[in-house]
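These notes concern the structure reproduced below.
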């Protein structure tokens, strides 16, 4: 819903409707908490215990008492540290150097807090998803760890009681024994010996630290140089507050024009806008033909190193499970794959692509689609049944202008604006910045 909805003569303010949006994101956090708790419960169930052979060298490694990366250290490195880094980056470096002069500090802080929220929510989604999947699979498969025999304390005096399969040959005993042969009184240690697949350290470290690498790379534009597609948007669309960015050669009414003011007071005429954008298009085409090599450049290597630190840290944590004899190689690789997938998915779920988004998170959902969009809706950012983007998101405070009939900055027309008014109400629609026709 826009800031002021004048349809039918009734005025409804965004302040009341925005609580729906707040509740919807609060519900997102609640869902993640529920899945985290369920994952914890799944991880503490008694695992299925796969039969094994006492002659299997792959499960005959010694039990490592002092792990290289214990669980408490994993939590600090893969969860607490990313939370802190995301907070520092969002609060210190956002929104960056593209903020126009005179932008209110309240607007800047709203953007900072939104980027912080999106960064934390994506991180939580990545870690919780990996945690839930890994814990559910561990007890489901019940695969023995490499150090199972050292945990087992088998009852060798009564071996024949526990044989359940396999064949004994002249050179070796290939017989399988039941897990009940283990007589270790420490049930927790014994049960944990059947939770090798997949590796929880690997999935958790990848989920938290690969997400952090992607986040840092996004915020500091650390990506492989690329050529922009032919339909690439003007650079001003990637600024911190595009609606406050003035196009060259266009006179704006007043030095401190703000979004909540009348949009038509600052709107250029169609002929002026076409000429300006046309010249830009020609210049862009000429640059592409004459100097395509100048469209992109490699970021400094020290920034690349900074972005890769979390990734290599996750590799170290995963590798430590091999030399600590906690997991088999495939268990480590599969766990790492789980964390990698959840990290990439969660990052893209809340953030624009690194090579196209200028480091921004996606904006919030519209109030009307805070909980539900339904069939036929292609975006949660658009208003319901209006076929247009909102004139601005909550941080840019552009909704009020749209409510008074001004077109959307992304394609609304005077007809779309006047269509929202009560029958017989006078039209106060004005040209939009993009796509409005001259009267």
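The values are calculated or read from the model by the stated rules, or taken from the named source; none is laboratory data. Given the structure is predicted, the values throughout are model-derived calculations rather than measurements. So basically every Cβ, Gly included, is an ideal-geometry build from the backbone, and we count neighbours across all protein chains shown.
Residues that are within 28 Å of residue 79 (Cβ to Cβ) and touching a helix residue (DSSP H, G or I) at 6+ places or on another chain (Cβ under 9 Å): list the helices (runs of 4 or more DSSP H) wholly contained in region 129-198 that include at least 2 such residues.
Per the criteria, 187-192.
If we scan region 376-392, do we find a residue that is at pLDDT 80 or above and in contact with a strand residue (DSSP E or B) (Cβ under 9 Å, 6 or more places away or on another chain)?
Within region 376-392 (the criterion being at pLDDT 80 or above and in contact with a strand residue (DSSP E or B) (Cβ under 9 Å, 6 or more places away or on another chain)), the answer is yes, since at least one residue qualifies.
Scan region 91-108 for residues that are more than 15 Å from residue 360 (Cα to Cα) and either crowded, with 16+ Cβ neighbours inside 10 Å or touching a strand residue (DSSP E or B) at 6+ places or on another chain (Cβ under 6 Å) (or both) and jot them down.
Result: 103, 107.
Looking for whichever is loosely packed, with under 15 Cβ neighbours inside 10 Å and either within 16 Å of the chain's Cα centre (by Cα) or not assigned by TED's automatic domain parsing to the domain that holds residue 190 (or both) here; the options are 34, 65. Which one fits?
34
Considering region 358-375 alone, what residues qualify as being touching a strand residue (DSSP E or B) at 6+ places or on another chain (Cβ under 9 Å) and surrounded by 20 or more Cβ atoms within 10 Å (Cβ to Cβ)?
359, 360, 361, 366, 368
Would you please name the residue that is farthest from residue 63 (Cα to Cα), looking only at residues in region 160-182 that are surrounded by 14 or more Cβ atoms within 10 Å (Cβ to Cβ) and modelled with pLDDT under 90? Before the answer, list the steps.
Going residue by residue through region 160-182, those that are surrounded by 14 or more Cβ atoms within 10 Å (Cβ to Cβ) are 162-163, 166, 173, 175-179, 181-182.
Now narrow it down to the ones that are modelled with pLDDT under 90: 166, 173, 175.
On the way: 166: 26, 173: 24, 175: 24 Å.
Here the answer is 166.
Of all residues in region 331-357, count the ones that are touching a residue at least 12 places away in the same chain (Cβ under 8 Å), surrounded by fewer than 18 Cβ atoms within 10 Å (Cβ to Cβ) and not in a helix (DSSP H, G or I).
So the answer is 3.
Without any contact (Cβ under 8 Å) to a residue 24 or more places away in the chain and surrounded by fewer than 19 Cβ atoms within 10 Å (Cβ to Cβ) - does that describe any residue in region 113-133?
yes
Could you figure out which of (1) at pLDDT below 95; (2) over 26 Å from residue 212 (Cβ atoms) isn't true of residue 41?
(1)
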